[in-house]
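Reviewing the structure listed below.
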Amino acid sequence: MFSEEKIFSRWSLSGFAGLPAICLESVESTHTLMKQKAASGELMPGSLIVANQQTAGRGRHERTWESPANANLYFNILIPLDGIPLASAAQITQVAALTFAEIFRDLQDSALTSKDLGRVTVKWPNDILCGRSKFCGILAEIVFIPGSSENGVRQPPKPAMNLGVGINVNSDSAHYAFLNRAVTTLKEIAGGRNINREKLLQALIGNLERAVGQFRAFGITPWIEAWRKMDQFIGARGTIVVNNNCTDENRNSGIGSIKKTGRILDMQPDGSLLFETDDGKVETVYSADLEI
């Protein structure tokens, strides 16, 4: 993982089931491009798009995701949903977060760094942090791929998950100071050692494909206990942000959101969050941001 990296144009990558990857030197957003190509039927489920730079990268709620060239990973994988109930598809993001976090934690352990940044951990619903500093974000939405024509009859569109991932790999956390939130990078987590982005992405996609296969067979259950062990925030105080329409511009004002402070009780067997508000009410939260 710490070997010298080839130039981006020579990377050898594939999506699920060996589908060839689309590697772009620069693009506005891999997420937007994947959405467009999937909706037009240009790409099959399993397809992978990777960029060396994004000029308009975004995270959840249109927050800025800074995407410089030659430093980080920006990619989208179109996950097939055959055999997965649409109502359970959102849980794939939690499976992906835990799968990736396990790789990052192994990398942290192998680096033997003495710098006290905390441990790689997951934060509900699908963030990956080191201590309290974020370095990996996941964004997902369902897209519908046009159905094929059989005997002159057009088949109904098929759903797939457009999973977008941004990882701060070899950049410097000081580069993100303007975001006014805690950010780190894998390089810092690894004690300042550069990481081979191509090899890292190969491992992420390979492990994710196996994890999705397990999810298809067994659902979210096998991941719940592993999540509880890695999640360092269960039992801590936090704030759930519901119906969050905040962007970087209004995130501090709270405009467009409903905030409730309290204590994080647990991640439940269906992947939802059990949260006790300061007024003593226990709520099940299915979709929200969680601020620590």
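The values are calculated or read from the model by the stated rules, or taken from the named source; none is laboratory data. All values derive from a computational prediction rather than experimental measurement. Because the Cβ atoms are built from the backbone with ideal geometry, glycine has one as well, and the counts that use them run over all protein chains shown. The protein model used for the area step is the full one, side chains on, heavy atoms only, and it has no ligands, DNA or RNA in it. Shrake-Rupley method; radii C 1.70, N 1.55, O 1.52, S 1.80 Å.
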I want the antiparallel fraction of DSSP beta bridges within the chain, as a percent rounded to 5.
90
How much length is gained on full extension from ALA236 to ARG193, taking 0.36 nm per residue of separation minus their Cα-Cα distance?
12.3 nm
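With a 1.4 Å probe and every protein chain kept in, tell me what percent of the accessible surface of region 113-166 is carbon plus sulfur.
51
Based solely on its DSSP helices, what 222 nm [θ] is calculated for the chain when runs of n ≥ 4 H residues each add -39,500 (n - 2.57) and the sum is averaged over all residues, nearest 500 deg cm²/dmol?
On the way: 5 runs with 67 residues, N = 292.
-7500 deg cm²/dmol, from helical runs alone.
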Can you match Rg and Dmax of the Cα atoms in Å to one of these, (1) 21.9, 71; (2) 19.0, 65; (3) 19.2, 60, based on a calculation from the structure here?
(2)
What nm value, rounded to one decimal, do you get for the distance between ASP279 and SER40 when each label is placed 7 Å out toward the C-beta?
5.0
Using modelled backbone amide H atoms (1.01 Å from N, in-plane), which distant-in-sequence or interchain residues come within less than 5 Å of LEU73's amide H?
ILE167, VAL169
What number, in percent, do you get for the relative contact order of the chain if the mean sequence gap of Cα pairs under 8 Å and at least 6 apart is divided by its residue count?
18
Amide H to amide H, which residues 5 or more places from ILE145 or on other chains are under 5 Å from it, using H placed in the peptide plane?
LYS158, ALA160
So which lysines can LYS37 reach, going by Cα to Cα under 29 Å and dropping same-chain residues fewer than 8 places off?
LYS6, LYS158, LYS199
Given backbone amide H placed at 1.01 Å from N, residues whose amide H is under 5 Å from that of LEU24, ignoring those fewer than 5 places away on the same chain, are VAL50, ALA51, ASN52
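Using a probe radius of 1.4 Å on heavy atoms only, what accessible surface per residue do you get for the chain? Whole Å² is fine.
Values: 13470 Å² over 292 residues.
On a per-residue basis, 46 Å².
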Net lengthening on full extension, LYS259/ASN70 (0.36 nm per residue, minus Cα-Cα):
64.3 nm
LEU112-SER287 pseudo-label distance in nm [points 7 Å out on the Cα-to-Cβ vector]
4.8
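Check each of the trypsin sites (Lys or Arg not before Pro) in region 152-239 and keep only those in coil by DSSP with at most 14 other C-beta atoms within 10 angstrom; list them in order. Before the final figure, lay out the partial values.
Values: sites: ARG154, ARG181, LYS187, ARG193, ARG197, LYS199, ARG210, ARG216, ARG228, LYS229, ARG237; in loops: ARG181, ARG193.
Passing sites in region 152-239 are ARG181.
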So GLN202 and LYS6, fully extended at 0.36 nm per residue minus their Cα-Cα distance, gain in nm 69.2 nm
